[in-house]
Amino acid sequence: MDAIDNNANEPPIPPADLNGPPIPPADPNGPPIPPTDAHGRTIPPIDAPSPPGTAAAPPQRTGLAALSPRYQVAGALAMALIAVTACVHAGMLFLHVAPSNTMTKQHGQVVDDWVYPEFEQNWKLFAPNPMQQNIAVQARAEIRTDDGTTRTTGWYDLSARDGAAIDGNLLPSHTQQNELRRAWDFYVGAHDAQNRPRGLRGELSERYIRRIVVMRVEREESMGRGATIERVQVRSRTTNVTAPEWSDEKVNTKPVLRQLSWWSVTSDDMPLGKAQGSEGDAR
């Protein structure tokens, strides 16, 4: 015969808490048993209401509402100013790139003063017939040596030097990419076909590109002690891009030169340190 288990019909012994009374077994059909701590006290749920007589914690304020009233007013004014500035900026850019209309005819100067030179828009990439030319800016200088003699340098291809500095450079500088190119675009846009300036912007573009040329020539030319640049001359060499092999378009690839007159160099065209040194030597 099999052994008889005398404890088979007895209820299981509930597990005992070493630090408190024994925990009764859970009844699957009864209410849930609330959790208790080590001393047998019931632990209230997290979302349970606060006991009577206890004030509820105020909700946590974030953002602008967390500031004092004075700073809330200052923050609201700053946000309003930013919003107004953004709307004005978007409107100015729209008028700048939009076709000629009544607004641009009456207030074109205001729009240009807002846009140039920091926010100028260039849509040549999206034009129906984008630019298909290679433009190289070249310069030479007339240098007076310490003994009073004068010599003229050869033509320096400044655009080619910028291109060589960019080629293979993963992070080319803004100066290498845009300084000379934008300076020449600025000059061409502010002068007519006979190189006559159109107002103050034409004179400004001349001074701008003249200073760039002076710095570039000093970088390339071995000046020697006491030598100074007396005059500089700039020219552009424009070559049309050849048509692809599958195209029947006939393109004239003969370079076209646009040579400017000689410009005299003054102390204002030299870097600040050298200009001050020249003024000191003159005194």
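The values are calculated or read from the model by the stated rules, or taken from the named source; none is laboratory data. Given the structure is predicted, the values throughout are model-derived calculations rather than measurements. Methodologically, a virtual Cβ is constructed for each residue, glycine included, from the backbone with ideal geometry; neighbour enumeration extends over all protein chains shown. Accessible surface is based on the protein model in full, side chains and every heavy atom, while ligands, DNA and RNA are left aside. Shrake-Rupley method; radii C 1.70, N 1.55, O 1.52, S 1.80 Å.
Using a probe radius of 1.4 angstrom, the carbon and sulfur fraction of the accessible surface of segment 69-205 is 60%. Summing charges over all other residues whose Cβ lies under 9 Å from the Cβ of Glu142, with Lys and Arg as +1 and Asp and Glu as -1, gives +3.
Projected label points at Leu257 and Arg219, each 7 Å from Cα along the beta carbon direction, are separated by 2.4 nanometres. Residues whose amide H lies under 5 Å from that of Thr36, counting only those 5 or more places away or on a different chain, are Ile43; hydrogens are built 1.01 Å from N in the peptide plane. Is the C-alpha gyration tensor of segment 144-236 telling us rounded, prolate or oblate? Criteria: a/c under 1.5 is rounded; beyond that, a/b larger than b/c is prolate, otherwise oblate. Oblate, because a/c is 1.5 or more while a/b does not exceed b/c. Residues whose amide H comes within less than 5 Å of that of Ala243, counting only those at least five positions distant or on another chain, are Val251 (H built at 1.01 Å from N in the peptide plane).
Calculated accessible area for segment 150-283 comes out at 65 Å² per residue, all protein chains present (probe 1.4 Å; ligands, DNA, RNA ignored).
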